[in-house]
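What follows is a single structure, written as structure tokens, with notes after it.
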Amino acid sequence: MEASEPVKKIVDKVADVVQNVVPTERPELPGAPGPQPPTVREPTEVRDPLPPKPDQAAPSPVTATGRDTGAGARVRSQDGAFLTTAQGARLPDSDHSLKAGPRGPVLLQDHHLREKITHFDHERIPERVVHARGAAAHGVFRGYGTAQAVCKAAFLAEDVETPVFVRFSTVLGSRGSADTVRDTRGFATKFYTSEGVFDLVGNNIPVFFIQDAIKFPDVIHAGKPHPDREIPQAQSAHDTFWDFVTLHTEATHHTLWNMSDRGIPRSFRTMEGFGVHTFRLVNAEGASTLVKWHWKPKLGVHSMVWEEAQLVAGTDPDFHRRDLADAIEAGAFPQWELGIQTFPDTPEQTFEGIDLLDPTKIVPEELAPVRPVGLLTLNANPTNFFAETEQVAFHPGHLVPGIDITDDPLLSGRLFSYLDTQITRLGGPNFAQIPVNRTHAPVNDMLRDGFHQHAVHSGVAPYKPNSLDGGCPFFAGAAEHAYIEYPTPVAAATKVREAPASFADHFSQPRLFWASMSPVEREHIIAAYTFELGKCHERAIKERGLQVLANIDGYLCAQVAAGLGLPAPEPTEPFGEVRPSPALSQLGRTWPADGRVVGLVAGTDHGALTTVRRAVLDAGLVPLVIAATGAGLPADGDGEPVAAQRTYATARSVEYDALVLVGATGPAPDAQAARDARAGNPMPAAPTVDPRLVLMLTEAYRHAKPLLAVAGGQDALRAAGIADGPGVLADVRPDEAVERLIQLLAAHRVWDRFPPPAAAGGR
């Protein structure tokens, strides 16, 4: 998606804007829990609450009816130096219940005890049925003006800045599940536009499992843990999921994307987003254009390898939410371009033979290029997870003038389901008045009362027509930016429970996706299907899964069948010719390395370590120093001491995108197998390198990560049995290490370290 010169100028303007929200002192190591370091003893001197951390923001201080209060960002924060009840009465004690004497019974009259326990008992709200586990951030969207020919929405006009709140999520797992499971990810954006809230509620995969919303409960019930044992959690590698998707072959396209590297993204920052459905845009003249939405990350689209994702799930199950929050705190603001594919709004609503109302189909970018229409920058973390990330409520029916829906049957059901869900989760119909959900446009909706009503309505006539309130509120027309549905012609028809004939094609686009993958990506897909079907108990489900694969590609089916120890069936569907779409592959291009995490293994050369660490910071990467112990490294000559963020006991290879060994290393004093199982790796009786470091290096090597050695660090590489090869630089000068590292990270991984078999083929 190439940006034009005017677009590049706007991108530069956005860069200037976001500089204003960078903390005045960027933390070299993000993640401190509070805005200032704590004291060893409990503070006793009375003071006001500490402010939020510099990277944190809150919902804009607008009223429940969309009025700008002009108040500061902390207007909703709890205030005052003293502990109080919910009614503001100051309290002298919160450690002891009111009793009849020190050993006597607790008194019923203890109002503070009752209030405190009652509120605690009701702290939790129902988690989302899907997308329960998420992370979010505040940001700004700036329109390029390039969409104005097809859409009159004000927020897409040139240089218009719109506040946004973006939530990323996994689909299947509960709130307590791990971030790095193989799953579809949600990518939902709330635009607080001048014309009302617009929610673009999408995923990181452009197609969905089903074509009709009536089957949504079925696919989710199949993907969720089995109802008898409530296992497995946050996984699709089980019988009920594969039972459903192999019987409902319309799920094949989405399942193939999920089995690809797209199912295990490296981070939210390197994840594409899609609106999934075809929407309708309307311009100022009332003309209609069909459109698909795309989010393109400025850092490129990158993923993990499967073993790495499994290790991360145990080492740091919060890996993705931590990565997002730390990047924003460090000032490495993630960015995405919003782009559109446009199609003529014909009566057939097809393009190049592709049914635009089928949510299991894509339109290859080679047929309809993605045109950039604006830039999203996430520049602030939430101040409170529950109030913002957990309570934010998205709905694909939150639309603004210029954006309309189509007759996609999956989208139609979502328009009901999202609204219905929020009423249960958030306690009633007034969820739009929760601060993070409040529109920034004036509200006069005549909706009254209900649970959690925050507005204090005036007037006596909440109905229309009326004369007692002077006729207010009045109806708006197009000149007053009213939302007017596009007058789509509806053909005469008979009520039926059927789908269009074009919806019956379940295999041509999976073949397109497979044909578009690089050999490396194909091998990962084969491994994913082998793992997932291998975890199923029933042989019939495995055989049915192989039949689906046989209708995609013979090599794919044969390799998975070999891994399962089952015969490969013959295809039952004719193979049509497909033209690969290079845009579907994540490989073959280079990207900025901004925000990548580099593990610096500290050895004997402190001067070289200081040089490399400073160069890593200056390049916009995040260095984490790994030392034998957490005591840090003493000053070397005229240098300064270096703090250690990780030790051999606390580090794991999966935290880093690359490892740099700086100086010779020796075993740490706690390298005992009885204390740390990782120290039990086979090593000489008196190892010269810590066994846990050896394990870290071999893991990073297997996961195709760059490995560099500086100032004698190659001894550790030799101990790990890692020779020179792709992405292994065994003797690099400290002053050139980072430049070489960035060159390797530009392709994300050193994929040619493990060339796939020739039979895997190419694009």
Discussion item. Return the residues of segment 652-664 that are open to solvent by 10 Å² or more (accessible area, probe 1.4 Å) and either under 37 Å from the mean Cα position of the chain (by Cα) or farther than 12 Å from L693 by Cβ (or both); say none if nothing qualifies.
Written reply: R652, E655
Worksheet, complete the sentence: Within segment 676-697, residues surrounded by fewer than 19 Cβ atoms within 10 Å (Cβ to Cβ) and closer than 21 Å to I742 by Cα come out as none
Worksheet item: What pairs can you find where one residue is in segment 29-47 and assigned to a loop (DSSP other than H, G, I, E, B), the other is of a type in the set (S, T, N, Q), and their Cβ atoms are less than 7 Å apart, with a gap of 6+ or different chains?
Response: L29/Q645
Worksheet item: Got a number for residues in segment 531-550 being over 18 Å from P510 (Cβ atoms), of a type outside the set (V, I, T) and open to solvent by 10 Å² or more (accessible area, probe 1.4 Å)?
Response: 9
Worksheet entry | Residues of segment 560-578 satisfying the condition of being touching a Lys or Arg at 6+ places or on another chain (Cβ under 7 Å) and assigned to a helix (DSSP H, G or I) | L564
Worksheet item: Does L600 satisfy the condition of being open to solvent by less than 30 Å² (accessible area, probe 1.4 Å), modelled with pLDDT under 85 and touching a helix residue (DSSP H, G or I) at 6+ places or on another chain (Cβ under 9 Å)?
Response: no
Worksheet entry | Any chance L108 is under 42 Å from the mean Cα position of the chain (by Cα) and over 30 Å from P317 (Cβ atoms) | no
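Considering each of P92, P59 in turn, give the residue that is out of contact with any strand residue (DSSP E or B) (no Cβ under 9 Å at 6 or more places or on another chain) and either part of a loop (DSSP other than H, G, I, E, B) or aliphatic (A, V, I, L, M) (or both). Talk me through it step by step, then tell me what you get.
Numbers: P59 fails: out of contact with any strand residue (DSSP E or B) (no Cβ under 9 Å at 6 or more places or on another chain).
Answer to the check: P92.
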Worksheet item: Taking segment 713-727, which residues are of a type in the set (A, V, I, L, M, F, W, C) and farther than 18 Å from R749 by Cα?
Response: A716, L717, A719, A720
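Per-residue answers, yes or no, for (1) loosely packed, with under 11 Cβ neighbours inside 10 Å; (2) among the β-branched types (V, I, T):
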residue	(1), (2)
H452	no, no
V456	yes, yes
P465	yes, no
P473	no, no
A476	no, no
E480	yes, no
Y483	no, no
Y486	no, no
Worksheet entry | Given (1) open to solvent by less than 20 Å² (accessible area, probe 1.4 Å); (2) free of Cβ contacts under 8 Å to residues at least 12 places away in the same chain, index of the condition E498 fails | (1)
Practice prompt. Could you tell me which of the residues T255, T270, T246 is of a type in the set (S, T, N, Q) and more than 28 Å from H221 (Cα to Cα)?
Written response: T270
Fill in: Search result, residues across segment 715-763 that are within 25 Å of V689 (Cβ to Cβ), open to solvent by 40 Å² or more (accessible area, probe 1.4 Å) and touching a Leu at 6+ places or on another chain (Cβ under 7 Å)
R740
Fill in: Matching residues in segment 642-671 - criterion: being assigned to a loop (DSSP other than H, G, I, E, B) and over 14 Å from T629 (Cα atoms)
R652, Y656, D657, G663, A664
Practice prompt. Name, by its number, the condition in (1) farther than 22 Å from A136 by Cβ; (2) polar (S, T, N, Q); (3) crowded, with 21+ Cβ neighbours inside 10 Å that does not hold for Q235.
Written response: (3)
Worksheet item: Where residues in segment 608-627 are more than 12 Å from V660 (Cβ to Cβ) and not basic (K, R), which of them is surrounded by the fewest Cβ atoms within 10 Å (Cβ to Cβ)?
Response: D618
Worksheet item: For G374, all conditions in the list (1) farther than 25 Å from A287 by Cβ; (2) buried (at least 22 other Cβ atoms within 10 Å of the Cβ) hold save one; what is the number of the exception?
Response: (1)
Practice prompt. Inspect segment 185-193 for any residue being open to solvent by less than 10 Å² (accessible area, probe 1.4 Å), touching a helix residue (DSSP H, G or I) at 6+ places or on another chain (Cβ under 6 Å), small (G, A, S) and closer than 27 Å to P364 by Cβ and give the result as yes or no.
Written response: no
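So that you can scan it fast, the table gives a plain yes or no per residue for (1) more than 15 Å from the chain's Cα centre (by Cα); (2) closer than 30 Å to E521 by Cα:
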{"position": "H277", "(1), (2)": "yes, yes"}
{"position": "H302", "(1), (2)": "no, yes"}
{"position": "L311", "(1), (2)": "yes, yes"}
{"position": "E329", "(1), (2)": "yes, no"}
{"position": "A332", "(1), (2)": "yes, yes"}
{"position": "G339", "(1), (2)": "yes, yes"}
{"position": "I362", "(1), (2)": "yes, yes"}
Worksheet, complete the sentence: Scanning segment 402-413 residue by residue, those surrounded by fewer than 21 Cβ atoms within 10 Å (Cβ to Cβ) and either more than 18 Å from A213 (Cβ to Cβ) or of a type in the set (D, E, K, R) (or both) turn out to be D404, D407
Discussion item. For segment 695-704, check the following and say yes or no: at least one residue is touching a Ser or Thr at 6+ places or on another chain (Cβ under 8 Å), among the β-branched types (V, I, T), within 30 Å of G595 (Cβ to Cβ) and modelled with pLDDT of 90 or more.
Written reply: no
Practice prompt. Could you run through segment 74-84 and say how many residues are open to solvent by less than 70 Å² (accessible area, probe 1.4 Å), free of Cβ contacts under 8 Å to residues at least 60 places away in the same chain and part of a loop (DSSP other than H, G, I, E, B)?
Written response: 2
Item to complete: Output the residues belonging to segment 194-221 that are aliphatic (A, V, I, L, M) and open to solvent by less than 10 Å² (accessible area, probe 1.4 Å).
Response: L200, I205, V207, I210, V219
Worksheet entry | Residue list for segment 258-267, filter: hydrophobic (A, V, I, L, M, F, W, C) and open to solvent by 10 Å² or more (accessible area, probe 1.4 Å) | none
Worksheet item: Which residue pairs have Cβ atoms closer than 7 Å, lie 6 or more positions apart in sequence or on different chains, and pair a first residue in segment 126-143 that is surrounded by fewer than 21 Cβ atoms within 10 Å (Cβ to Cβ) with a second residue that is in a loop (DSSP other than H, G, I, E, B)?
Response: E127/S174; E127/R175; V130/V171; A132/G173; A132/S174; A132/R175
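The values are calculated or read from the model by the stated rules, or taken from the named source; none is laboratory data. If you're wondering where the values come from, they're calculated on a predicted model, not measured in any experiment. Virtual Cβ from ideal backbone geometry, glycine too; neighbours counted across all protein chains shown. All accessible areas refer to the heavy atoms of the entire protein, side chains included, with ligands and DNA or RNA removed. Shrake-Rupley method; radii C 1.70, N 1.55, O 1.52, S 1.80 Å.
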